[in-house]
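The values are calculated or read from the model by the stated rules, or taken from the named source; none is laboratory data. As the structure is a prediction and not an experimental result, all values here were calculated from the model. In this analysis, Cβ positions are derived from the backbone assuming ideal geometry, glycine residues included, and neighbour counts consider all displayed protein chains. What goes into the accessible areas is simple: the full protein's heavy atoms, side chains included, and nothing from ligands, DNA or RNA. Shrake-Rupley method; radii C 1.70, N 1.55, O 1.52, S 1.80 Å.
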Amino acid sequence: MKPSGRRLRGLFLVVGLSMLALTGCGTGKYIPVLSPQGPVARSEYYLIIWSFVLMIVVVLGVFVIYFYMLVKYRARPENKDYVPPEIEGNSRWESIWTIIPIIIVIALAIPTVAVTYNLVQPPKSAAATTATKETPITIDVISERWKWVFKYPGQNIETVNYVNIPAGQPIDFELSSTGPMNAFWVPALGGMEFAMPSKDLKLWLEADHPGTYDGRSAQFSGRGFANMTFKVNSMTQAQFNAWVQKTQQTAPKLTKQTDDQLQKPGLVSPMTFSSIEPE
Amino acid sequence: MLDEGPLIWMSDALITLATIGIIVVLTYFKLWKWLWDNWLTTVDHKKIGIMYLIAAILMLFRGGTDGMLMRAQLSWPNLHFLNADHYDQVFTTHGTVMILFMAMPAIIGFFNVAVPLQIGCRDVAFPYLNAISFWLFFAAAMLFNLSFVVGGSPDGGWTSYTPYVENMFDPGPGENYFIVSLQITGIGTIATGINFMITILRMRAPGMTLMRMPMFTWSVLITSFIIVFAFPVLTAALGLLLIDRDFGAHFFTVSGGGMPMQYVNLFWIWGHPEVYIVILPAFGIFSEVISTFAHKRLFGYAAMVVSMASIAILSFIVWVHHFFTMGAGPGVNSFFGVSTMAIAIPTGVKVFNWLFTMHKGRIEYTSAMLWALGFIPNFLIGGLTGVMLAVPPADYQYHNSYFLVSHFHYVLIGGTVFGVFAGLYYWWPKMFGVLLNERLGKWHFWTFMIGFNVCFFPMYFLGFMGMTRRVYTYPAGYGWGVINLIESIGAIGMGVGFLIMVYNIVWSARFGERDTTGDPWDARTLEWATTSPAPEYNFARIPEIKGRDAWWLMKRNGESINGPKDIPFEPIHMPNNSGRPIIMSLFFFIAGAGFIFSWWILTIIGLLGVLVTLAQRSFEYDDHHYIPVEEIERTESAAGRL
Ligand SMILES: [Cu+2]
Ligand SMILES: [Cu+2]
């Protein structure tokens with residue numbers, strides 16, 4: 001009989017190596033959480049790595065003891081008559097393995113609390129690609145069934161199922177929902193927040209560079225949920241300004257009819273409007 | 001029903017055929033009376049335990065089939081094996097069945113099989129109530145499974161978050177099935193909690209102090225407390241939701257001034273302790289199995305008890321970790337993050353105590369032991385990813401992703417399901433007097449264990465790759481396809497493992513080695529002191545307990561379970577069988593159907609039936625009998641214990 005975890009260890013190795021291989025090539029495209037593209041995602045990524053390192057230490061420690069016990073104390077024909085001693089416990093050893101987890105939890109808890117508090121503030125970006133740090137842009141995100149509506153109150157623009165943002169600038173997403181709850185998630189830029197009816201939740205995100213990132217809903221909301229995806233296009237400040245200007249000149253106004261249409265359940269392709277209130 | 005498509009028609013046909021088949025077989029072999037007298041009306045905890053376990057295995061099949069359907073649909077991008085609606089129903093029933101109609105009856109089955117025997121008593125505190133608990137669970141499970149073919153299954157996920165599950169977004173009876181059947185099984189579960197709490201606190205054999213109780217009994221006692229405190233919260237949440245849906249109230253609808261978040265809070269105030277309700281008894285089983293097959297007493301008994309108790313308390317103050325991403329503010333998120341991490345401390349203590357139980361032991365790799373040993377690395381992975389999830393900023397990236405899906409399958413399968421399998425192999429001889437086949441048991445273990453890791457380990461990466469739970473399909477180009485395919489292959493491995501177990505059960509029933517000793521494992525606790533299976537009265541004479549691992553001590557001192565030879569037996573007082581629990585649960589079923597379809601006449605008939613059966617009990621005076629001394633002597637001498 002083989003010890004019961006040897007194959008598991010093999011599996012571990014294979015998966016770990018393939019993970020390294022994946023991080024080497026094309027991580028950005030395939031593993032957005034592990035290749036953060038902005039300060040919010042990056043601070044979350046560091047915590048993920050730190051917690052992972054702590055946990056690996058525990059895994060290795062336990063696995064060593066585990067395999068030692070399984071191999072050393074297995075029943076063999078030679079030790080058939082061996083009568084194991086009745087051991088009640090050992091307070092020294094028991095204290096050691098109470099204290100070690102406490103230390104690990106503390107080592108994890110301190111940065112956790114710090115980052116948790118940081119993330120409710122606008123990200124202080126080190127990678128400011130724009131020369132001028134303007135006031136953050138506010139974008140209202142409304143999850144309808146099953147589409148994402150983005151309103152730019154400052155720019156008087158509304159987009160559906162895609163959102164354009166300037167790179168290097170903190171964006172204040174204000175999330176709400178007209179129907180069931182959804183969760184707004186752009187893994188490359190940072191963790192998610194819920195879009196809930198009658199509640200405005202705030203999510204700060206920022207992209208370092210121009211680029212296009214996938215976003216989706218992470219909270220089940222019915223039939224069209226799997227298709228509730230959107231694109232985040234990060235562009236330079238100049239490109240963004242140009243887009244705003246062009247949209248205001250060429251895009252249609254949001255009509256009452258279209259607005260009603262959007263509120264009905266269903267899937268739509270990306271849309272752009274040059275007003276945020278229906279007329 | 002007609003527009004449901006071939007999958008549902010096929011299951012309709014299969015269910016009808018299976019039902020007809022069962023009725024024909026029972027009638028042909030004239031088994032109805034036997035079934036009624038011996039099983040359907042029984043109040044014997046051992047038989048009730050067996051019925052719970054059979055039901056749990058059936059539900060494991062059902063929930064597993066759901067899982068296979070999901071894996072089939074997801075195994076490649078853009079598949080159209082299931083449509084969105086069917087997929088939504090399938091993942092909802094998968095989660096609900098696995099947690100409430102598989103894990104719960106399985107662990108409660110072991111409560112019944114082992115606890116009264118372990119504490120040296122003849123029955124649970126309230127045998128009649130125990131039968132009611134079982135039949136309520138059974139009626140609820142049948143009602144829930146009916147949804148698949150009548151009116152459509154619930155499709156809001158096993159958590160059924162409002163406002164999605166309110167009538168305006170999710171009309172039809174499907175969601176009512178979820179609410180009503182959970183409500184019915186919940187009543188039975190609360191009764192079980194009270195029953196075992198009282199049984200353990202009041203009915204232990206003389207000399208069995210709390211600190212001499214077997215570890216499984218300790219885990220059941222603590223679990224019973226969690227049940228009694230947690231389940232009423234679920235009852236309240238579901239009750240309010242049912243009032244919303246059936247009578248147009250607005251507890252959880254925003255349009256009427258309600259608060260959907262309130263449901264989420266209530267659900268998880270129950271839901272988090274619930275995961276400990278199904279894991280702590282598994283911890284108890286592992287403790288028994290590891291110390292039995294390492295042939296050593298459990299290391300650090302007191303620390304094990306203290307850590308279980310602290311896990312139980314902590315389980316009530318961590319529920320917000322299920323919704324860190326719902327805008328609770330950094331103070332709240334930090335508190336619940338750290339309180340969740342703190343659970344790792346007592347859990348770590350337990351893991352090291354199990355490891356050191358094997359230190360200087362002589363480890364026998366039986367099937368039961370393999371499941372207990374397989375549990376340690378798998379649960380470790382599940383538990384440590386749980387700690388990673390407890391970091392709120394990291395959770396913003398994991399929440400509702402496949403990282404989470406993997407985590408809870410590692411704890412629930414690697415913990416609870418492995419525990420159930422360990423318990424089955426361990427207590428099977430005690431339940432049926434036959435040992436399960438060890439060879440097949442090892443095949444079962446390895447196929448299932450490898451399949452399980454192949455199925456769920458890659459999900460951590462899918463989470464990092466941005467895949468969220470509950471998507472019924474995904475486009476090509478994300479790189480998710482191959483990984484999903486590998487997972488589906490792993491799922492097939494688990495399915496094969498399950499089938500080997502079923503084959504093992506059938507094979508062993510016919511050819512299995514009989515246990516004539518009552519103690520096939522050279523075990524330590526009292527349930528192994530009596531015959532396999534135990535007689536109706538468990539112990540001819542209530543044993544005197546002189547220490548922890550009572551049976552081990554008696555064996556070492558050469559004592560008999562029946563005490564010194566010259567003291568005569570006394571007649572034993574036992575409760576009578578009763579058909580009323582099953583009839584009462586039938587009325588609950590009828591009332592439940594009424595609530596589900598808003599057919600109020602049916603509801604009233606059902607509820608009246610419940611009241612009448614309750615009232616009848618109050619006027620029942622002849623509810624017990626005595627087993628005469630001659631019969632005890634006959635049974636004991638047939639077992640060679642005189
Ligand atoms: Cu599952
Ligand atoms: Cu939890």
Candidates B:H407, B:H444, filtered to the one that is modelled with pLDDT of 95 or more and more than 22 Å from B:L384 (Cβ to Cβ): B:H444
Index of the failed condition, B:T253 passing every other in (1) more than 16 Å from ligand 2 (Cβ to nearest atom); (2) under 28 Å from the mean Cα position of the chain (by Cα); (3) within 14 Å of chain A (Cβ to nearest Cβ): (2)
Residues that are away from ligand 1 (no atom under 16 Å from the Cβ), within 14 Å of chain A (Cβ to nearest Cβ) and open to solvent by less than 30 Å² (accessible area, probe 1.4 Å), drawn from the range B:51-85: B:P77, B:A84
Residue match in the range A:75-83 (condition: open to solvent by less than 40 Å² (accessible area, probe 1.4 Å) and more than 14 Å from B:N353 (Cβ to Cβ)): yes
Per-region count, the range A:94-108, residues more than 7 Å from chain B (Cβ to nearest Cβ) and either farther than 30 Å from B:F335 by Cβ or open to solvent by less than 50 Å² (accessible area, probe 1.4 Å) (or both): 2
Residue that is out of contact with any Lys or Arg (no Cβ under 7 Å at 6 or more places or on another chain), within 10 Å of another protein chain (Cβ to nearest Cβ), open to solvent by less than 20 Å² (accessible area, probe 1.4 Å) and away from ligand 2 (no atom under 16 Å from the Cβ), where the choices are B:P392, B:P429, B:P377: B:P377
Residue match in the range B:223-231 (condition: more than 16 Å from ligand 2 (Cβ to nearest atom), open to solvent by 10 Å² or more (accessible area, probe 1.4 Å) and away from chain A (no Cβ under 14 Å)): yes
Answer residue from the range B:474-494, given it is within 14 Å of chain A (Cβ to nearest Cβ) and hydroxyl-bearing (S, T, Y) and is surrounded by the most Cβ atoms within 10 Å (Cβ to Cβ) among those: B:Y474
Failed condition for B:R212, given (1) closer than 30 Å to B:W9 by Cβ; (2) in contact with a Lys or Arg (Cβ under 7 Å, 6 or more places away or on another chain); (3) not acidic (D, E): (1)
Test result for B:I376, among the β-branched types (V, I, T) and within 16 Å of ligand 1 (Cβ to nearest atom): no
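Conditions tested, residue by residue: (1) closer than 20 Å to A:L189 by Cβ; (2) among the polar types (S, T, N, Q).
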position: A:I31; (1), (2): yes, no
position: A:S35; (1), (2): yes, yes
position: A:V40; (1), (2): yes, no
position: A:Y45; (1), (2): yes, no
position: A:I56; (1), (2): no, no
position: A:G61; (1), (2): no, no
Hits in the range B:495-526 (condition: in a helix (DSSP H, G or I), closer than 25 Å to B:S287 by Cα and open to solvent by less than 30 Å² (accessible area, probe 1.4 Å)): B:G497, B:F498, B:M501, B:N504, B:L526
Any hit, the range B:173-185, residues being under 20 Å from B:H86 (Cα atoms) and assigned to a loop (DSSP other than H, G, I, E, B): yes
Test for A:L60: is it surrounded by 15 or more Cβ atoms within 10 Å (Cβ to Cβ) and either at the interface with chain B (Cβ under 8 Å from one of its Cβ atoms) or modelled with pLDDT of 95 or more (or both): no
Filtered residues of the range A:140-177 (kept if more than 14 Å from chain B (Cβ to nearest Cβ), farther than 21 Å from B:Y396 by Cβ and part of a strand (DSSP E or B)): A:K147, A:V149, A:K151, A:Y152, A:I157, A:E158, A:T159, A:V160, A:Y162, A:N164, A:P166
Condition met for B:Y460 (assigned to a loop (DSSP other than H, G, I, E, B) and either within 11 Å of chain A (Cβ to nearest Cβ) or closer than 30 Å to B:W521 by Cα (or both)): no
Every residue from the range B:143-180 that is on the phi > 0 side of the Ramachandran plot and under 21 Å from the mean Cα position of the chain (by Cα): B:G157, B:S160
Index of the failed condition, B:P6 passing every other in (1) modelled with pLDDT of 95 or more; (2) more than 16 Å from ligand 1 (Cβ to nearest atom): (1)
Matching residues, the range B:402-426, being more than 18 Å from B:I279 (Cα to Cα) and within 16 Å of ligand 2 (Cβ to nearest atom): B:F403
Inter-residue pairs, beta-carbon under 7 Å, first at positive phi and in the range B:474-503, second of a type outside the set (F, W, Y) and modelled with pLDDT of 95 or more, 6+ apart: B:G479/B:M465
Helices (runs of 4 or more DSSP H) lying entirely in the range B:527-642 (those with 2 or more residues that are of a type in the set (F, W, Y), open to solvent by 30 Å² or more (accessible area, probe 1.4 Å) and closer than 30 Å to B:F247 by Cβ): B:580-597
